[in-house]
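The values are calculated or read from the model by the stated rules, or taken from the named source; none is laboratory data. None of these values were measured; they are calculated from a predicted model. Using ideal geometry, Cβ is built from the backbone for each residue, glycine included, and neighbour counts are taken over all protein chains shown. Note: accessible area is taken over every heavy atom of the protein model, side chains too, but ligands, DNA and RNA are not part of it. Shrake-Rupley method; radii C 1.70, N 1.55, O 1.52, S 1.80 Å.
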Amino acid sequence: MIEKKSKQKIILIGISILLFQIGIILNGTYRNYIYENKMPDFHFADTFGNLLAVPAALFFISGIRKNTTKINCSIPAVVIAFILFELMGLIGLHGTFDVFDIAATIISGIITYLILYYIFHMKEL
């Protein structure tokens with residue numbers, strides 16, 4: 001029988017994979033539809049990857065760590081890592097630099113924190 005902590009870790013990794021898959025599905029459907037029809041969507045089609053990346057990374061990290069993950073430390077670390085990755089676009093190390101992606105990453109970090117801390121009363125994962 002799987003112990004409680006192992007089961008929780010599997011669930012955290014599962015949530016991470018689910019968020020990643022939602023991003024892939026949106027990339028292949030929603031983004032294409034918005035671009036093909038030239039519809040304004042307040043840059044959601046451009047930034048949903050970053051919006052989903054923060055909670056996906058947080059849940060993945062929490063799932064693979066042996067100890068619990070403190071969300072007040074881990075969320076800022078994940079946000080900073082994604083911002084640094086985006087800044088690498090300025091020097092040509094990946095894709096293109098987009099300030100909306102940075103904004104989406106920060107917003108995602110704030111929303112993830114608010115949901116986990118204030119709604120679910122979680123300080124650790």
Filter the stretch 20-50 for residues that are of a type in the set (A, V, I, L, M) and open to solvent by 70 Å² or more (accessible area, probe 1.4 Å); which is nearest to I61 (Cα to Cα)?
I24
Looking at the stretch 90-114, which of its residues are of a type in the set (S, T, Y) and either surrounded by 11 or more Cβ atoms within 10 Å (Cβ to Cβ) or closer than 15 Å to A57 by Cβ (or both)?
T105, S108, T112, Y113
Considering the stretch 15-57 alone, what residues qualify as being farther than 18 Å from S108 by Cβ, part of a helix (DSSP H, G or I) and of a type in the set (S, T, Y)?
Y33, Y35
Six or more apart or on different chains, Cβ atoms under 6 Å: show the pairs whose first residue is in the stretch 7-30 and within 23 Å of T47 (Cα to Cα) and whose second is among the aliphatic types (A, V, I, L, M) and modelled with pLDDT of 95 or more.
S16/A56; L19/L52; L19/A56; F20/A56; G23/L52
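Residue by residue, here is whether (1) acidic (D, E); (2) out of contact with any Asp or Glu (no Cβ under 7 Å at 6 or more places or on another chain); (3) in a helix (DSSP H, G or I); (4) more than 30 Å from E124 (Cα to Cα) holds:
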| residue | (1), (2), (3), (4) |
| --- | --- |
| F59 | no, yes, yes, no |
| T68 | no, no, no, no |
| H94 | no, yes, no, yes |
| F97 | no, no, no, yes |
